[in-house]
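**Q** Pasting a structure below so you can have a look.
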Amino acid sequence: MAQEIYHPFESFKFGNRNCFLTGQTLSSEEENVQVFPQWLMSRYQLEDKPFKMLDESMATYKDIKIPCAANVNAAYLEPLETEIAAVFEIGYDAIKELDELKLFQWAGKMLYGLIFNEVQSGIKLQHSKGEEFNISQSIIHKFSNLHLMLQSLNLPIIFEDFKPYSIFLFKVDNNPVEFGYRDEINTLTFSLRIRDFGLVICLQDNGVNYLYHKEVYDKIKDQLLHPIQFEEFCGRVFYSAYLFNRLPEYNVLPAGDEIYMEAMPLRGLSSKPLFDDWLNKIYSQVLESFWKNWGFLLLEIIKNPEKPMSFLFNPDGSLISEATIELPR
């Protein structure tokens, strides 16, 4: 069974003739799937909207595809997309009941699809200059582990006594036509705000970002949030994912018909805390980006350097009700 695991980063197979998930040879380069699922693009008219890649080039949402065998798509991806689409259509209450692993797999496929396109573009660019493609070993390590975990879609991979992710879900009073999406590939962090919910996922942190924010999350997770409140919490998570300073390691143990993944202790031999120091100045810069829709500037956000502006909590620590926030949704 171990031989069935596909390791694209070992040989850097990022052409269009091998399935991104299994590595099997495709019948044609036209055998592919959309990175952003069709049902999502159709609902928010995303097909022809611009999407900026890491190299600053622009694509449209519908242009971003990954090679995928038709049988793999039919057996593993389409059933997941159908279930996610149905649950998202209902909204927050249905998502709350969904198996977290399916949310992880769904978000992981999208983020890995973007990674695949970025790597493919980088290889082409470097080769056109007659240069070898260079990427840091730590990034390869992260991306290859995400790809391995994504194969829980098609292989009997069991995460033994750990979750590779942190997931935060909220009920949010969104503008019904708004599509709020954000990702950070280097930290493998993803957020989506649509319909009546907001979702944040750290895809490879072994759950430590959840623990880092648990006190705040427990206070607000059952409250209806204004979009600016959700984006504030997103800013906290995206920033802490940047501060997380470990590179998770895993043991892969085939046993009979199953493949077990075991997480190595994150602390390892280091006495250093798992997260670097939180700096309000940097966090406020993150907030400025997340609050772009509302036009708040850094000088306003960090007027008090000890306590940056917040729409979640009053100065005394009490929760701000979304009904009292007089800002557009």
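**Q** Since PHE36 meets every condition but one in (1) open to solvent by 20 Å² or more (accessible area, probe 1.4 Å); (2) touching a Phe, Trp or Tyr at 6+ places or on another chain (Cβ under 6 Å), which condition does it not meet?
**A** Tallying (1) open to solvent by 20 Å² or more (accessible area, probe 1.4 Å); (2) touching a Phe, Trp or Tyr at 6+ places or on another chain (Cβ under 6 Å), PHE36 fails exactly one: (1).
**Q** In the range 90-117, which residues are open to solvent by 30 Å² or more (accessible area, probe 1.4 Å) and touching a residue at least 24 places away in the same chain (Cβ under 8 Å)?
**A** LYS96, GLU100, LEU101
**Q** Turning to a different aspect of this structure: Output the residues belonging to the range 291-304 that are of a type outside the set (Asp, Glu) and either under 21 Å from ASN174 (Cβ atoms) or open to solvent by 80 Å² or more (accessible area, probe 1.4 Å) (or both).
**A** Kept after step one, since they are of a type outside the set (Asp, Glu), are these residues of the range 291-304: 291-299, 301-304.
Across the range 291-304, the qualifying residues are TRP291, LYS292, ASN293, TRP294, GLY295, PHE296, LEU297, LEU299, LYS303.
**Q** Taking LEU319 and the conditions (1) open to solvent by 40 Å² or more (accessible area, probe 1.4 Å); (2) over 19 Å from VAL237 (Cα atoms), which numbered condition does it fall short on, given that it satisfies the others?
**A** Every condition holds for LEU319 apart from (2).
**Q** Can you confirm whether GLY180 is free of Cβ contacts under 8 Å to residues at least 60 places away in the same chain, open to solvent by less than 30 Å² (accessible area, probe 1.4 Å) and in contact with a strand residue (DSSP E or B) (Cβ under 6 Å, 6 or more places away or on another chain)? Spell out the reasoning first.
**A** Values: free of Cβ contacts under 8 Å to residues at least 60 places away in the same chain: yes; open to solvent by less than 30 Å² (accessible area, probe 1.4 Å): yes; in contact with a strand residue (DSSP E or B) (Cβ under 6 Å, 6 or more places away or on another chain): yes.
So GLY180 fits the description; yes.
**Q** Out of GLU231, GLU288, which single residue is open to solvent by 50 Å² or more (accessible area, probe 1.4 Å), assigned to a helix (DSSP H, G or I) and in contact with a helix residue (DSSP H, G or I) (Cβ under 6 Å, 6 or more places away or on another chain)?
**A** Numbers: GLU231 fails: open to solvent by 50 Å² or more (accessible area, probe 1.4 Å).
Going through GLU231, GLU288 in turn, the sole match is GLU288.
**Q** With the requirement that a residue be touching a residue at least 60 places away in the same chain (Cβ under 8 Å) and assigned to a loop (DSSP other than H, G, I, E, B), what does the range 118-139 give you?
**A** Within the range 118-139, the subset touching a residue at least 60 places away in the same chain (Cβ under 8 Å) is 118-123, 125, 133, 138.
Hit for the range 118-139 is PHE133, nothing else.
**Q** Can you pull out every residue in the range 128-172 that is touching a strand residue (DSSP E or B) at 6+ places or on another chain (Cβ under 6 Å), among the charged types (D, E, K, R) and closer than 26 Å to GLY91 by Cβ?
**A** Within the range 128-172, just LYS171 meets the criteria.
**Q** On to the next question. Restricting the search to the range 1-33, which residues are touching a Ser or Thr at 6+ places or on another chain (Cβ under 9 Å), assigned to a helix (DSSP H, G or I) and surrounded by fewer than 16 Cβ atoms within 10 Å (Cβ to Cβ)?
**A** Within the range 1-33, GLU4, GLU10 qualify.
**Q** Here is a follow-up. With the requirement that a residue be surrounded by 23 or more Cβ atoms within 10 Å (Cβ to Cβ), over 23 Å from ILE90 (Cα atoms) and not charged (D, E, K, R), what does the range 191-228 give you?
**A** CYS202, LEU203, GLN204, ASN206, ASN209
**Q** Can I ask one more? Among the listed residues LEU327, LEU247, which satisfies the condition of being surrounded by fewer than 18 Cβ atoms within 10 Å (Cβ to Cβ), touching a residue at least 60 places away in the same chain (Cβ under 8 Å), of a type in the set (A, V, I, L, M) and touching a Ser or Thr at 6+ places or on another chain (Cβ under 6 Å)?
**A** Numbers: LEU327 fails: touching a Ser or Thr at 6+ places or on another chain (Cβ under 6 Å).
Every option except LEU247 fails the conditions.
**Q** Among the residues of the range 127-143, how many are open to solvent by less than 40 Å² (accessible area, probe 1.4 Å) and either under 14 Å from the mean Cα position of the chain (by Cα) or not aliphatic (A, V, I, L, M) (or both)? Spell out the reasoning first.
**A** The initial filter retains those residues of the range 127-143 that are open to solvent by less than 40 Å² (accessible area, probe 1.4 Å), namely 139-140, 143.
If we keep only those that are either under 14 Å from the mean Cα position of the chain (by Cα) or not aliphatic (A, V, I, L, M) (or both) too, we end up with 143.
The total comes to 1.
**Q** Please go through the range 39-58 and pick out each residue that is farther than 30 Å from GLY91 by Cα and surrounded by 13 or more Cβ atoms within 10 Å (Cβ to Cβ). Spell out the reasoning first.
**A** Filtering the range 39-58 down to residues farther than 30 Å from GLY91 by Cα leaves 54-58.
Scanning the range 39-58 gives a single hit, LEU54.
The values are calculated or read from the model by the stated rules, or taken from the named source; none is laboratory data. These figures come from a predicted structure and were not determined experimentally. Counting neighbours? That spans all protein chains shown, and the Cβs are built from the backbone with ideal geometry, glycine included. Accessible surface areas use protein heavy atoms only, side chains included; no ligands, DNA or RNA. Shrake-Rupley method; radii C 1.70, N 1.55, O 1.52, S 1.80 Å.
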